[in-house]
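Enquirer: My questions will all concern the structure given below.
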Amino acid sequence: CALALVSAVEGLGIRLRAGVHIGEVEVREDGRVGGMAVHIGARVAERAGAGEVLVSRTVRDVLIGAGWKFKDRGVHSLKGVPSRWPVYIPSSERASQP
């Protein structure tokens with residue numbers, strides 16, 4: 001979805017950046033979402049450049065065997081998140097299935 005959104009608005013001269021993480025999302029009383037999974041996704045997005053989508057190692061690991069390609073984008077400290085996190089650029093071209 002993030003890759004499709006970035007691609008769709010590029011022709012309009014809009015350069016989005018996105019960060020994707022997977023985890024439990026808390027829905028607050030006011031209807032807003034939060035929690036560590038949302039926080040990590042936002043911090044991964046901060047590492048993305050204009051027109052770029054980055055994913056956490058967790059996303060990459062969940063997609064192992066699904067045919068996606070990922071390019072290593074380094075290991076980063078994410079503000080407010082324990083330890084250092086590897087992030088990856090997902091490829092819009094799928095890897096060949098075994």
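The values are calculated or read from the model by the stated rules, or taken from the named source; none is laboratory data. Since we're looking at a predicted model, the values are computed, not measured. Positions of Cβ are backbone-derived with ideal geometry, glycine not excepted, and every protein chain shown enters the neighbour counts. Note: accessible area is taken over every heavy atom of the protein model, side chains too, but ligands, DNA and RNA are not part of it. Shrake-Rupley method; radii C 1.70, N 1.55, O 1.52, S 1.80 Å.
Enquirer: For the range 32-43, which positions are open to solvent by 50 Å² or more (accessible area, probe 1.4 Å) and farther than 15 Å from LEU78 by Cα?
Expert: Within the range 32-43, the first condition is being open to solvent by 50 Å² or more (accessible area, probe 1.4 Å), and the residues that meet it are 32-33, 36, 38-39, 42.
Matches in the range 32-43: ARG32, VAL33.
Enquirer: Something else about it: Answer with yes or no whether LEU12 is without any contact (Cβ under 8 Å) to a residue 24 or more places away in the chain, outside any helix (DSSP H, G or I) and more than 10 Å from the chain's Cα centre (by Cα).
Expert: For LEU12, the condition - without any contact (Cβ under 8 Å) to a residue 24 or more places away in the chain, outside any helix (DSSP H, G or I) and more than 10 Å from the chain's Cα centre (by Cα) - is met.
Enquirer: Take the residues in the range 24-75 that are on the phi > 0 side of the Ramachandran plot and assigned to a loop (DSSP other than H, G, I, E, B), then tell me which one is nearest to the chain's Cα centre (by Cα).
Expert: Going through the qualifying residues, I end up with GLY51.
Enquirer: Residues in the range 63-81 that are out of contact with any strand residue (DSSP E or B) (no Cβ under 9 Å at 6 or more places or on another chain) and either open to solvent by less than 90 Å² (accessible area, probe 1.4 Å) or in contact (Cβ under 8 Å) with a residue 60 or more places away in the chain (or both): how many?
Expert: Going through the range 63-81 one residue at a time, the tally reaches 5.
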